[in-house]
Amino acid sequence: MSDRFTGAVNLYLLHFVELSFLKPAVSPLMEIALRIREMRRITGFTEKEMAEKTGVTEAEYRSYETGTVDLPFTFLHKCSLAFGLELTDLLEG
């Protein structure tokens with residue numbers, strides 16, 4: 001993993017922690033979905049690429065990323081692998 005990518009991930013996690021107290025309360029499901037969306041944007045993946053990496057359709061991926069449906073463990077695990085993150089970092093921020 002490049003230093004630039006690692007720096008971007010660390011900056012995102014720091015930003016997320018610093019600003020989390022300013023945001024209105026959201027469900028844990030939505031928090032994870034928002035982390036996934038933000039990490040996808042940081043890493044430069046499209047929704048189509050992430051759908052392929054996680055083994056779901058684009059429509060399923062969008063529903064996971066918007067937090068409209070529960071997130072299967074296998075989907076979360078594949079996202080963490082695609083982003084180069086530990087699963088706990090994706091889940092807990």
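The values are calculated or read from the model by the stated rules, or taken from the named source; none is laboratory data. Bear in mind the structure is a predicted one, so any value in this text is a computation, not a measurement. Keep in mind that these areas ignore ligands, DNA and RNA; they rest on the heavy atoms of the full protein, side chains included. Shrake-Rupley method; radii C 1.70, N 1.55, O 1.52, S 1.80 Å.
Straightening the chain between E86 and V26 buys 19.3 nm, computed as 0.36 nm per residue apart minus the Cα-Cα spacing.
Take the alpha carbon gyration tensor of the stretch 49-93, find the square roots of its eigenvalues, order them as a ≥ b ≥ c, and report rounded if a/c is under 1.5; if not, report prolate when a/b exceeds b/c, else oblate. Because a/c hits 1.5 or more and a/b fails to exceed b/c, the stretch 49-93 counts as oblate.
Backbone geometry of the stretch 32-44 corresponds, through the Karplus equation with coefficients 6.51, -1.76 and 1.60 at θ = phi - 60°, to 3J(HN,Hα) couplings of 5, 4, 5, 5, 4, 4, 5, 5, 4, 5, 4, 7, x Hz, x marking Gly and Pro. Relative to the current alpha-carbon distance between E38 and H77, full extension at 0.36 nm per residue lengthens the span by 12.4 nm. Extension gain, T68 to E49: 0.36 nm times the residue separation minus the Cα-Cα distance gives 4.8 nm.
Largest accessible area first, the residues T46, T74 order themselves as T74, T46 under a 1.4 Å probe with ligands, DNA and RNA left out.
Computed from phi, the 3J(HN,Hα) profile of the stretch 84-93 under the Karplus parametrisation 6.51, -1.76, 1.60 (θ = phi - 60°) reads x, 10, 6, 4, 5, 5, 5, 6, 9, x Hz, with x in place of Gly and Pro.
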